[in-house]
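Participant: One structure follows; several queries about it will come next.
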Amino acid sequence: MKETFRSIEQSNPSYGIRNLHFVTIKSPQLGTRGDICIYIPENCPMDVPVVILLHGVYGSAWSWPLSSGVHEQVDQAIKEGIIKPLILVMPSDGLWGDGSGYVKHQEQDFEKWIVEDVIAVARQLAPDQISQASKFFIAGLSMGGYGAMRIGARHPDVFTSFAGLSSITSIDEFAHFVEEDLDSYQMDTELSLIDSLIANKERLPYFRFDCGKDDLLLAYNQKLHSQLLEANIPHDYEEFEGRHSWDYWKNNIMKTILFFNLRF
């Protein structure tokens, strides 16, 4: 496969964690380098589905695997035959401020970083597993839930389904987490999740989201659920015990993986 990026640096598997690869590329959309962590199971078949996981504020490409062990959970589920083999792709958000929001900023397009560059990297690094027949899914937590649901809604031609855990649902909610001026996030359109979902209503895949019962974002997620019901947009919404923390995301990420597995 023709190489897409000017530079690409990969970790040496002899020194890393089994089946986990760390990659840094020079991204056209970021104008800087970007980090990605990729899990590829042993004996990975061709046409394998790909799940992109987006982290929240303050985090980076290592957050999902090294704070939740999601790759170990997926690896075990594959070995037990609970889910079909899949590749996990876990990029940074572009490392802008406390969190880029995965939206377009003045000089950097963090949405295109995910939709174009990250997917291209995955294809380049696993050409024998990821084919044109491979399906792509996207999910995330908190800011990453916002990014995954917004991007998934806006690119139904790319993603078979999408999901959010403890998701931020609009730009105003970023004020709970970031110190940057919220005007920095206002360079694009459809910045409220309900706006993105309604704007793409006729093409939306079936999707899900969930939230902890003690999460500071619970009321926002409940409101989004009600808005989706009013707009007659099919979806799954669930609430579980827990707060806005890695304990919640670690304990509930496999519910989203299982949801995606039904669509592999």
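The values are calculated or read from the model by the stated rules, or taken from the named source; none is laboratory data. Bear in mind the structure is a predicted one, so any value in this text is a computation, not a measurement. Note: ideal-geometry Cβ built from the backbone for every residue, glycine included; neighbour counts use all protein chains shown. Protein only, heavy atoms only, side chains kept; ligands, DNA and RNA dropped before computing areas. Shrake-Rupley method; radii C 1.70, N 1.55, O 1.52, S 1.80 Å.
Participant: Test Ile138 against the stated conditions and say whether it is in a loop (DSSP other than H, G, I, E, B), open to solvent by less than 10 Å² (accessible area, probe 1.4 Å) and either over 26 Å from His225 (Cα atoms) or not basic (Lys, Arg) (or both).
Facilitator: Judged against the criteria, Ile138 is not a match.
Participant: Pull out all pairs, ordered by first then second residue, where Cβ-Cβ is under 8 Å, the residues are six or more apart or on different chains, the first lies in segment 235-264 and is surrounded by fewer than 17 Cβ atoms within 10 Å (Cβ to Cβ), and the second is in a helix (DSSP H, G or I) and of a type in the set (D, E, K, R).
Facilitator: Taking only residues 6 or more apart or on different chains, the pairs are Glu238/Lys255.
Participant: In segment 212-234, what residues are farther than 18 Å from Ser142 by Cβ and surrounded by 14 or more Cβ atoms within 10 Å (Cβ to Cβ)?
Facilitator: Gln227, Leu228, Ile233
Participant: For segment 6-48, enumerate the residues that are among the aromatic types (Phe, Trp, Tyr) and closer than 12 Å to Leu125 by Cα.
Facilitator: Phe22, Tyr39
Participant: Report the residue count in segment 111-125 for those that are of a type in the set (D, E, K, R) and under 11 Å from Thr4 (Cα atoms).
Facilitator: Residues flagged as of a type in the set (D, E, K, R) and under 11 Å from Thr4 (Cα atoms) within segment 111-125 amount to 3.
Participant: Just the residues that are without any contact (Cβ under 8 Å) to a residue 60 or more places away in the chain and surrounded by fewer than 16 Cβ atoms within 10 Å (Cβ to Cβ), please, taken from segment 171-196.
Facilitator: Those that are without any contact (Cβ under 8 Å) to a residue 60 or more places away in the chain and surrounded by fewer than 16 Cβ atoms within 10 Å (Cβ to Cβ): Asp172, Ala175, His176, Asp181, Leu182, Asp183, Gln186, Thr189, Asp195.
Participant: Considering (1) open to solvent by 10 Å² or more (accessible area, probe 1.4 Å); (2) among the polar types (S, T, N, Q); (3) modelled with pLDDT of 95 or more; (4) in contact with a Gly (Cβ under 8 Å, 6 or more places away or on another chain), say which one Ser166 fails and leave the rest.
Facilitator: Unmet for Ser166, out of (1) open to solvent by 10 Å² or more (accessible area, probe 1.4 Å); (2) among the polar types (S, T, N, Q); (3) modelled with pLDDT of 95 or more; (4) in contact with a Gly (Cβ under 8 Å, 6 or more places away or on another chain): (1).
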